[in-house]
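Structure first, then comments.
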Amino acid sequence: MSELHYLSATEMARLVRNRQVSAVELLQAHLDRIERVNPKVNAVVTLAAEQAMDAAKAADAAEPAGPLHGVPIAHKDLVDTAGIRTTYGSPLFTDNVPAVDDLLVRRIRAAGAITIGKTNTPEFGTGSHTVNEVFGATLNPYDLTRSAGGSSGGAAAALACGLVPLADGSDMGGSLRNPASFCNVVGLRPTPGRVPDPSDTAAWYTLAVPGPMARTVEDVELLLSVMAGFDPRSPYAIKEPFTPDPEESVAGLRVAWSPDLGGLPVDPETAAVTATAPGVFERLGARVEQVDLDLSDAEDAFRVYRAWYYALSFAGMEGLGANTRWNVERGLEVTGADLARAERLRSGLYQRMAAFFDTYDVLIAPVSQVPPFPVEHPYVGEINGIPMPDYLAWMRSAYWISVLHAPAASVPAGFTPSGLPVGVQIVGRPFDDAKVLRAAKSFEAATGHATHHPPL
């Protein structure tokens, strides 16, 4: 109990439910941890300590109800939280306090969780490096000179440090998986529609999805079971509730291994760590085969759809930061012919990958092409001597997967010689989230990397 903040969320929920630990005691342990550690990493940017303590006292006075009763959580600063400042990482919304919760916040609250605050994100979640003009940069807990990734970098860093046991993230081009990889935690990009995200402006947009983050796969499953479920305001919401795969073993699982997703440059240190993953699955009894993939059609499709989304969402808004503005400008250049080409490319890729998953159960590959980079760098400018043309290009290993409409998890895979975390990406057939997490849980148990915490 001396490190209550590093217990799993599943264990915390059990202790509170059995009244072995009070919700107030659990919350205070996290508030104390935030006070000591958060100034070093800048992960939790708005703290709602008084509201959280009131909620914890109410939880202790009530009979345990939901599966997260009394468990603290922090929400990404893109998610509306009633009565708690929500800036979207933008100076335009520095003092914004929403009146109502977003759907996923309502579901998490209804499950009994206690909102402790908000986690840092770049402006409107734009980019895989968490820095903005409102709060500054989030630092990597394993090396305070390095990036925590993004755009859910605040969430990943907060989890790694024991500031919270659970966090929500979101992922368009790797915004959930990349920081999970950089910070040695677990993140799942669910199949689009698994976690509904109602929108008045982009209801049919499937590249961006909310998802769960935690320190263990079991906790990710727990949070996903709360976040998931049908909502009629989302036109592609999945009707079936999420339940973990009852099968635990991966013996006999057909695993495809791609070290570079079809020729992408991968930093040697990252490549060396991820190259250990196939052997782990083989020792667990899976049938592993290295494959040659061609996902290059995802490049054009992703960029067109992303640009179109930014024009749809932010065109005409004055005072945007450079990255957001660049995306809007690209979006205003998109033509009908561009969208038609992107749709053809994505549809063809989807069908080819459907055939691929007739042969394989999961695909494993690097999450990110590089380990955490210096925090003062706005993005990765080159990999293995190959220049990156813009701030997006270094994350192709994540955003090519986004185009597939597939569930993809980032799971701790090891560390570079200097101690920087590296994650492995586990991708499954669309709608097969439970199998992806089954594979992730087996890998996690066999390696033990998730039990390694930063020295803070």
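The values are calculated or read from the model by the stated rules, or taken from the named source; none is laboratory data. On a predicted model such as this, the values are computed, not experimentally measured, just so you know. Virtual Cβ from ideal backbone geometry, glycine too; neighbours counted across all protein chains shown. Side chains included, ligands, DNA and RNA excluded: accessible areas come from the protein's heavy atoms. Shrake-Rupley method; radii C 1.70, N 1.55, O 1.52, S 1.80 Å.
For ASP267, are the conditions met, namely being closer than 23 Å to VAL195 by Cα and either open to solvent by 20 Å² or more (accessible area, probe 1.4 Å) or at pLDDT 95 or above (or both)? Can you show your working first?
Working: closer than 23 Å to VAL195 by Cα: no; either open to solvent by 20 Å² or more (accessible area, probe 1.4 Å) or at pLDDT 95 or above (or both): yes.
No, not satisfied.
Looking at segment 28-61, which of its residues are assigned to a helix (DSSP H, G or I), in contact (Cβ under 8 Å) with a residue 40 or more places away in the chain and either within 19 Å of ASP168 (Cα to Cα) or not charged (D, E, K, R) (or both)? Let's see the steps before the verdict.
Kept after step one, since they are assigned to a helix (DSSP H, G or I), are these residues of segment 28-61: 28-41, 49-61.
Adding the requirement that they be in contact (Cβ under 8 Å) with a residue 40 or more places away in the chain leaves 30-31, 33-34, 37-38, 40-41, 49, 51-52, 55-56, 59.
Within segment 28-61, HIS30, LEU31, ILE34, VAL37, ASN38, VAL41, ALA49, GLN51, ALA52, ALA55, ALA56, ALA59 qualify.
Return yes or no: is GLN20 in a loop (DSSP other than H, G, I, E, B), modelled with pLDDT of 95 or more, more than 22 Å from PRO210 (Cα to Cα) and open to solvent by 60 Å² or more (accessible area, probe 1.4 Å)? Please lay out each step first, then the result.
Numbers: in a loop (DSSP other than H, G, I, E, B): yes; modelled with pLDDT of 95 or more: yes; more than 22 Å from PRO210 (Cα to Cα): yes; open to solvent by 60 Å² or more (accessible area, probe 1.4 Å): yes.
Yes; evaluated as a whole, the condition is true for this residue.
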Scanning segment 94-124 residue by residue, those open to solvent by less than 10 Å² (accessible area, probe 1.4 Å) and within 17 Å of the chain's Cα centre (by Cα) turn out to be VAL105, ILE108, LYS118, THR119, ASN120, THR121, PRO122
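For segment 131-140, check the following and say yes or no: at least one residue is modelled with pLDDT of 95 or more and within 16 Å of the chain's Cα centre (by Cα).
We begin by selecting, within segment 131-140, every residue modelled with pLDDT of 95 or more; these are 131-140.
Then drop every residue that is not within 16 Å of the chain's Cα centre (by Cα), which leaves 138, 140.
Yes, because at least one residue in segment 131-140 is modelled with pLDDT of 95 or more and within 16 Å of the chain's Cα centre (by Cα).
Out of all the residues in segment 228-250, is one or more assigned to a strand (DSSP E or B), modelled with pLDDT of 95 or more and open to solvent by 50 Å² or more (accessible area, probe 1.4 Å)?
Keep residues of segment 228-250 that are assigned to a strand (DSSP E or B), which gives none.
No, that holds for no residue.
Go through segment 132-146 residue by residue and tally those that are in contact with an Asp or Glu (Cβ under 9 Å, 6 or more places away or on another chain) and within 25 Å of ARG85 (Cβ to Cβ). Steps first, answer last, please.
Of all residues in segment 132-146, those in contact with an Asp or Glu (Cβ under 9 Å, 6 or more places away or on another chain) come to 132-135, 137, 145.
So of that shortlist, the ones also within 25 Å of ARG85 (Cβ to Cβ) come out as 132-135, 137.
Number of matching residues: 5.
Regarding ASP102, is this residue of a type in the set (Asp, Glu) and either under 23 Å from ASP219 (Cα atoms) or touching a strand residue (DSSP E or B) at 6+ places or on another chain (Cβ under 9 Å) (or both)? Quick ask: steps written out before the conclusion?
Details: of a type in the set (Asp, Glu): yes; either under 23 Å from ASP219 (Cα atoms) or touching a strand residue (DSSP E or B) at 6+ places or on another chain (Cβ under 9 Å) (or both): yes.
Yes; evaluated as a whole, the condition is true for this residue.
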May I ask you to verify whether ALA434 is of a type in the set (A, V, I, L, M), in contact (Cβ under 8 Å) with a residue 24 or more places away in the chain and surrounded by fewer than 24 Cβ atoms within 10 Å (Cβ to Cβ)? yes
- Message: Here is a check on your reading of the model: is GLY127 part of a loop (DSSP other than H, G, I, E, B), at pLDDT below 95, in contact with a Gly (Cβ under 6 Å, 6 or more places away or on another chain) and not polar (S, T, N, Q)?
- Response: yes
Of (1) closer than 30 Å to GLU318 by Cα; (2) out of contact with any Lys or Arg (no Cβ under 6 Å at 6 or more places or on another chain); (3) not aliphatic (A, V, I, L, M), ASP168 fails just (2)
When (1) within 17 Å of THR81 (Cα to Cα); (2) in contact with a strand residue (DSSP E or B) (Cβ under 9 Å, 6 or more places away or on another chain); (3) open to solvent by 10 Å² or more (accessible area, probe 1.4 Å) are applied to ALA52, the one that fails is (3)
Given the conditions (1) touching a Ser or Thr at 6+ places or on another chain (Cβ under 9 Å); (2) open to solvent by 30 Å² or more (accessible area, probe 1.4 Å); (3) not hydroxyl-bearing (Ser, Thr, Tyr), every one holds for ALA298 apart from (2)
(1) more than 30 Å from ALA434 (Cα to Cα); (2) more than 24 Å from the chain's Cα centre (by Cα) all hold for GLU376 apart from (2)
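Please indicate, with yes or no, whether at least one residue in segment 327-342 is touching a residue at least 60 places away in the same chain (Cβ under 8 Å) and within 16 Å of GLU123 (Cβ to Cβ). Walk me through how you get there before you give the answer.
Our first condition is that a residue be touching a residue at least 60 places away in the same chain (Cβ under 8 Å); within segment 327-342, this holds for 327.
In the following step, the residues that additionally are within 16 Å of GLU123 (Cβ to Cβ) were identified as 327.
Yes: one or more hits.
Of all residues in segment 283-341, which are basic (Lys, Arg) and more than 19 Å from SER402 (Cβ to Cβ)?
Of the residues in segment 283-341, the ones basic (Lys, Arg) are 283, 287, 303, 306, 325, 330, 341.
Of everything in segment 283-341, those that are basic (Lys, Arg) and more than 19 Å from SER402 (Cβ to Cβ) turn out to be ARG283, ARG287, ARG325.
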In segment 194-217, anything touching a strand residue (DSSP E or B) at 6+ places or on another chain (Cβ under 8 Å) and of a type outside the set (A, V, I, L, M) is listed as ARG194, ASP197, PRO210, GLY211, PRO212, ARG215, THR216
Heads up, the helices (runs of 4 or more DSSP H) in segment 265-323 (entirely inside) with at least 1 residues that are basic (Lys, Arg) are 277-283, 297-314
Output for Cβ contacts, cut-off 8 Å, separation at least six or different chains, first residue in contact (Cβ under 8 Å) with a residue 40 or more places away in the chain in segment 302-326, second hydrophobic (A, V, I, L, M, F, W, C) and open to solvent by 70 Å² or more (accessible area, probe 1.4 Å), reads MET317/LEU92; GLY319/LEU92; LEU320/LEU92
